[in-house]
Structures are given as C-alpha cells and as structure tokens.
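Peer 1: What follows is a single structure, and I will ask about it in a moment.
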Amino acid sequence: MLTFSCGAEAPPPSILLFVIDTTRADDPALGESRLETTPYWRRLGEEGLVYSRSISQAPWTLPAHASMLTGLLPSQHGVGWVSTRAEDALVTVTERLAEAGYETLAVAENPWLTPTFNLLQGFDQNFFIRQKGLTAEEAVAEWLENRPAGAPFFVFVNVVDPHAPYQGHEACRLPDRLALDEARALNPGTHPELCVPADPAELEVMRTLHQCDLTLADEKLRRIHGLLLEQAPELISIVTSDHGEHFGEHQLMSHQFSVRNELLAVPLVVHGLAGIDPARIDAWVGTSDLAPSILEWAGASPLPGQEGRTLPTRPEEGRERAVVSEYADYVSLEASTGMGRRLLAAGRGLRSDCGPDQPVFGSMRSVIRYPHKAIQYSEYDAELFDLSKDPGETRNIAEENRSLLEELLALLPEAGRVPNPSPELPSEPAPEILESLRALGYLEAEESDPSKTNGKE
Ligand SMILES: [Zn+2]
C-alpha cells in the first residue's frame, strides 16, 4: 500500500460511483425533467455536471457494469457476450486504483455484482446486501468505521429500487387513487411475455411505481453521499445507471432483447470535480468513459486498450463522437452450463408471444453518430433512424439512405471474440444468488413455487 505525504501536492481525491439500477435518462429530475422524484440527485447535478446524452454500452446489468468498470465494449470485455463470468485477466478500474493506493469497497444489491460473476475484481471488500443482512447505507457506514484513516477510497454502490418488481411506497401518488397493493399487483411479472402490449392504464401505474422507487434510491444516495463526504470533503461522485427500461415502447417491457434508447440512454451526473464550473454537457458520451475518467481524476495509469475516453467537462468539448452499444443474445452465452440453460429457458419464455415483426431475437449492436443511429441485427435487416426528428426510433429510414447506413455500420468495431464458453463458468451459483436473479426476473420461476417471482426483498 502506498502512503501519501502531506507535501505541496494534494492527495488523490476519493471517488464514489453510485449506480441506480434500471433508470432511464428521462426518469430522474435532472434539469428540466417533470417530476421531483430525485431531489438529491438533482442537487448534485445543479452543483456539478449533468450529461444529457449518456449512453450505456449494453442494455442489461452484467455487460453494462463490465463496460463501466473496464472502459471496454461488451465484445471486448466478453462479459455478457461470451460468458456470464468476467475473466481474471480483465483489468478493471478498481485494480488500477488499488495499485495507486486506494482503498476500495463495493456494495451491491444486484446479484450480477457478486463474486460469482467476477466483475468486482480488485475490491478490498464487497458486500452483496442480501447475504449480509445490512442496508447499503449500513454496509458503507460499517466499512468507514473500520477502515484505517489516510488513504483515498473508491466506493462503488449499486441499488436496485427502480428495478422490477416495482414496489413504490406509501407516499406514492398513484393514478386513479389506486391502493398500493393493487398497484403492486400490476408489475411486469404479471406480463412476463415481453411483446404483449399492456393496457396503457396499467403501464402508467407501473411507470409511477418505478418513479416512486427512484425516490427510495435517491434517499440512499443522500445518506451514503453524506457519510462519505464527512470523511472525504474532496469526494468526486458519479451518479448514473446501468440501463433504462421499456414501458410499452416497441411493444416491449423490461430491459432485454433491444438496443433502443429507452434502454441505452441513462442519466449521468459528476459532482465534486475541483476547478470545474457547474454545466450541462450535451456531447454524446458512453458509460465506458467512466473508467478512463476516474483514472485520470485519480492520477492513476490508464487501462489497456480502452474504448472509453475521458468525459468532457466543459460544454464546448467533445461534440463529434460515435457511441457504440452491444447486446449478445443468450444463445451466444454458455448454453452448456446450468447458468446458460437457465437464461435460455427464461429468454424463450419471455419472447414466446413476440410477433415476427419484432426484432427481438439474436444479437444486436447500435452506433449513434448524431443525429443518426444505426442498428445491426444478426437476425434482421439493419435499421437507421434520425434521432433529431424521431427520438423514439419508430421510422426506419434505412431503405432510402443506404450509403449513410453503411457509413455508420462501418463505425462498429470488429465484433471481437467469437462466443466460446470458458470452462471456468459458474455452472451453479449459490442458492441465494439464483433466488435474487429470479426475483429480478432474469430466470424462470421454479415450478414448485411460482410466488418467488414476486417481491424484491
Ligand atoms: Zn441493471
């Protein structure tokens, strides 16, 4: 462990990466948004940098977090692309910070962020909340009490309040004065087939519950940020999400089998950067930019071969940028293992009622070079959209713009590694991890006890 002397140079800043799982860019109250669901997040944005065009490199938890922590695309880091388990050889932002003398803590509510899947390489300590019987705030407080003073820290927190099944809370203002219990009964768990169009009134109830869950996550952010600031006034905080959520757009629910911007566009705020004025940054950025940015702000050495770049911190910087996202179908993942078979079975069930016109099968990659976005599918013709006129991606203009489409598709990197299951895959994660994945809707309910799909706790 390196030590930091009290010389003329300021010690590296402590850093918080706070991920509110399953939050769309238009969900939290950042800037001009309509609902005051996230007052604390909003305050951090007003005092810091709000990135209005931030894109996740993958539409679901595991590969999205892998891109944040490695600065790589899914086809480069391979997590959620060839395997559900990160290779030991991957170099993460955490490992770099540990080498630079940082103390590191991970506190996760999402079971994909457990040591089973090996993304949390380099963390001195990690708490999977469900195994510890603590709240996220208690886990952070306990760690802070026991850590030796002096070294800077890197704390990563993932909270899943807005993830289905949506719970809401007593103060939630539900449509039609619905009771909370009645509203909870309308969760996506009651519409397990992704392509079944839900009743618009039910969608509104689900969206409201989801918004109320964001308030719970915001309160966790307020408490944890407060605890860390007490010990590190120079704290740099990054608050973002791993992916969004469909609420009936493209006849989809949840966050699988799509690379639409309802899933890829995520909120992003950076707070506490010394010498940087508060601003709204409209440049296109990716969440794979977080790892290189964190390392630069910490003065640590960069990661090998990273796709991401350091985030612009002034409104006039970095306007020209193509941002790539990738989704590998479960079929590409390790079908030969227990985990792979479980995912495949769940994917078949979810898509069983999708019509042939729904491009939900196979792998897909998107590239945004504003105002255009191209999507390449393994099973369908590529699509092209003009986001300035059609932000909902409903009018495919590929036919009349072939050369522009080709130009965008050429910006996609080589597809990287061919799916090739590793022998080290977790064929059977621990029961509590399987149980948590099931509760979040990733795996099919056990036939013996279908009630287990309900309830986040
Ligand atoms: Zn997630």
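Peer 1: Over the chain, what percent of the accessible surface lies on carbon and sulfur atoms, probe 1.4 Å?
Peer 2: Numbers: 9130 of 18280 Å².
Looking at the chain in its full context, I get 50 percent from C and S.
Peer 1: Using a simple spin-label model with points 7 Å from Cα along the Cα→Cβ vector, what separation in nm is obtained for Arg402 and Arg43?
Peer 2: Placing both labels 7 Å beyond Cα along the Cβ direction yields 5.8 nm.
Peer 1: While we're looking at this one, here's another question. Based on DSSP H runs of at least 4 residues, each adding -39500 (n - 2.57), what is the mean residue ellipticity at 222 nm of the chain after dividing by all its residues, to the nearest 500 deg cm²/dmol? Mind showing how you got there, number by number?
Peer 2: Details: 13 runs with 125 residues, N = 457.
Calculated at 222 nm, the ellipticity per residue is -8000 deg cm²/dmol.
Peer 1: Using only the alpha-carbon atoms of the chain as identical scatterers, what base-10 log of I(q)/I(0) does the Debye formula give at q = 0.08, 0.11, 0.13 Å⁻¹?
Peer 2: Debye intensities relative to I(0), on a log10 scale: -0.43, -0.84, -1.23.
Peer 1: Would you check the chain for Lys pairs whose C-alpha atoms are within less than 29 Å, ignoring same-chain pairs closer than 8 in sequence, and give me the count? Can you show the working numbers first?
Peer 2: Details: Lys132/Lys220; Lys132/Lys452; Lys132/Lys456; Lys220/Lys452; Lys220/Lys456; Lys373/Lys389.
Pairs that pass both the separation and distance tests number 6.
Peer 1: While we're looking at this one, here's another question. Counting heavy atoms of the protein chains only and a 1.4 Å probe, report the per residue accessible area for the chain as a whole number of Å².
Peer 2: Values: 18280 Å² over 457 residues.
Each residue of the chain exposes 40 Å² on average to a 1.4 Å probe.
The values are calculated or read from the model by the stated rules, or taken from the named source; none is laboratory data. As the structure is a prediction and not an experimental result, all values here were calculated from the model. Here Cβ is always computed from backbone atoms with ideal geometry, including for glycine, and neighbour counts include all displayed protein chains. Remember, those area values only see protein heavy atoms, side chains included, never the ligands or the DNA or RNA. Shrake-Rupley method; radii C 1.70, N 1.55, O 1.52, S 1.80 Å.
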